[in-house]
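For reference, the structure is listed below as structure tokens.
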Amino acid sequence: MIGQERIRALIPHAGAMCLLEQVLDWDESSIRCLTRSHRDPTHPLRHAGGLSALHLIEYCAQAMALHRGLVAESRGETAPRGWLVSTRDFKLAVARLDDLAEPITVLARELLYFEGGTQYEVAAEAGGQTLGSGRISVVKAPQ
């Protein structure tokens, strides 16, 4: 099992901004993660109105970074840092996350990888319901 300590070592997000808690499974092209962080009353993205479902984009982007980190690590390399540059066709089926009792499963499947960046198809679900899905593109950050 890959837990939060190892996740924090593989992605640039520190402390409470590391939103993913566990990797359920992964391979060369995809990853599936689990989290309950949306229920945390001290969630760093939460505001007076709760935790917006729009923040699923951040959950999905972290799954992408984690996937690239695991793939690079499996090859004896370190994944470069990236910048999220585009979301496409991202559809939300709920308005808020903090009122969901079930854990959130985050899925990311790599569609395209090249030296300068990557594109993933992503989705998040809870209790058998799709919460949001779309595509996210990231480019390699300048060094």
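The values are calculated or read from the model by the stated rules, or taken from the named source; none is laboratory data. Everything quoted here is computed from the prediction, not taken from an experiment. In this analysis, Cβ positions are derived from the backbone assuming ideal geometry, glycine residues included, and neighbour counts consider all displayed protein chains. To get the accessible areas, we keep the full protein, side chains included, count just its heavy atoms, and leave off ligands, DNA and RNA. Shrake-Rupley method; radii C 1.70, N 1.55, O 1.52, S 1.80 Å.
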Exclusive hit being of a type in the set (S, T, N, Q) and either surrounded by 14 or more Cβ atoms within 10 Å (Cβ to Cβ) or assigned to a helix (DSSP H, G or I) (or both), set THR87, THR78, THR42: THR87
Selection count where residues are assigned to a loop (DSSP other than H, G, I, E, B), open to solvent by 40 Å² or more (accessible area, probe 1.4 Å) and in contact (Cβ under 8 Å) with a residue 24 or more places away in the chain, scope the range 94-140: 7
Sole exception among (1) of a type outside the set (Val, Ile, Thr); (2) open to solvent by 20 Å² or more (accessible area, probe 1.4 Å); (3) out of contact with any helix residue (DSSP H, G or I) (no Cβ under 6 Å at 6 or more places or on another chain) for TRP26, by number: (3)
Any pair with Cβ under 9 angstrom, 6 or more apart, that starts in the range 30-42 at a residue that is free of Cβ contacts under 8 Å to residues at least 60 places away in the same chain and more than 27 Å from ARG135 (Cβ to Cβ) and ends at one that is open to solvent by 10 Å² or more (accessible area, probe 1.4 Å) and part of a loop (DSSP other than H, G, I, E, B): ASP40/ARG46; ASP40/ASP98; PRO41/ASP98
The range 12-31: number of residues that are in a strand (DSSP E or B) and under 15 Å from ARG68 (Cβ atoms): 4
